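Read the structure below first, then the notes.
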Amino acid sequence: MNEDVLKLENQICFPLYAASRLIIKRYQPLLQELEVTYPQYLVLLLLWEKDGQKVTDLGECLLLETSTLTPLLKRLEQKGYIKRERSEQDERQVIISLTDTGKSAKQKALPIPHKLFQSIQQGQLDQEDLHNLKTILQAFIHFNRA
């Protein structure tokens, strides 16, 4: 087998990794007003879509293990954005719900996607490019979930 397969430039993993790091870096200043990290923002996005979700469901959507998600949720709770409660139907399940502070943070977050898009546009990508990229990545994630 040709050793060129081991060159970094021939790996699909590196552009995905680098792009992920760069996009998260662009989010950081936009999330400062909310005082949340990017993973915390993702949790809030899911809860703004549908409040009162199980920790396991959030983890499944975000592809995160419960052991990774739990400390993140504790910090969001300390900031007053969410509350964690045991399910009445199954005490093993923890339900995550938005507090009033968490619900009102949605208004502060509304400009974030537009500001991010403007930031990316400066890099010569247009809306169609980003849509196509998102579609490809969603398909990749969908077919490679384990």
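The values are calculated or read from the model by the stated rules, or taken from the named source; none is laboratory data. For clarity, every value in this text was computed on a predicted model and none was experimentally measured. Cβ: placed from backbone, ideal geometry, glycine included. Neighbour counts: every protein chain shown.
The figures follow:
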| read-out | value |
| --- | --- |
| Qualifying residue in the range 111-123 (condition: modelled with pLDDT under 95, surrounded by 10 or more Cβ atoms within 10 Å (Cβ to Cβ) and of a type in the set (A, V, I, L, M)) | yes |
| Helices (runs of 4 or more DSSP H) lying entirely in the range 1-64 (those with 1 or more residues that are among the aromatic types (Phe, Trp, Tyr) and over 13 Å from the mean Cα position of the chain (by Cα)) | 13-31 |
| Residue that is touching a residue at least 12 places away in the same chain (Cβ under 8 Å) and of a type outside the set (S, T, N, Q), where the choices are GLU3, GLU33 | GLU33 |
| Answer from TYR27, TYR41, TYR17 - the residue that is hydroxyl-bearing (Ser, Thr, Tyr), surrounded by 12 or more Cβ atoms within 10 Å (Cβ to Cβ) and under 19 Å from LEU130 (Cα atoms) | TYR27 |
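Every residue, every condition in (1) surrounded by fewer than 15 Cβ atoms within 10 Å (Cβ to Cβ); (2) closer than 21 Å to HIS114 by Cβ, yes or no:
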{"position": "GLU35", "(1), (2)": "yes, yes"}
{"position": "LEU46", "(1), (2)": "no, yes"}
{"position": "LEU63", "(1), (2)": "yes, no"}
{"position": "THR68", "(1), (2)": "yes, no"}
{"position": "LEU72", "(1), (2)": "no, no"}
{"position": "GLY80", "(1), (2)": "yes, no"}
{"position": "ASP90", "(1), (2)": "yes, no"}
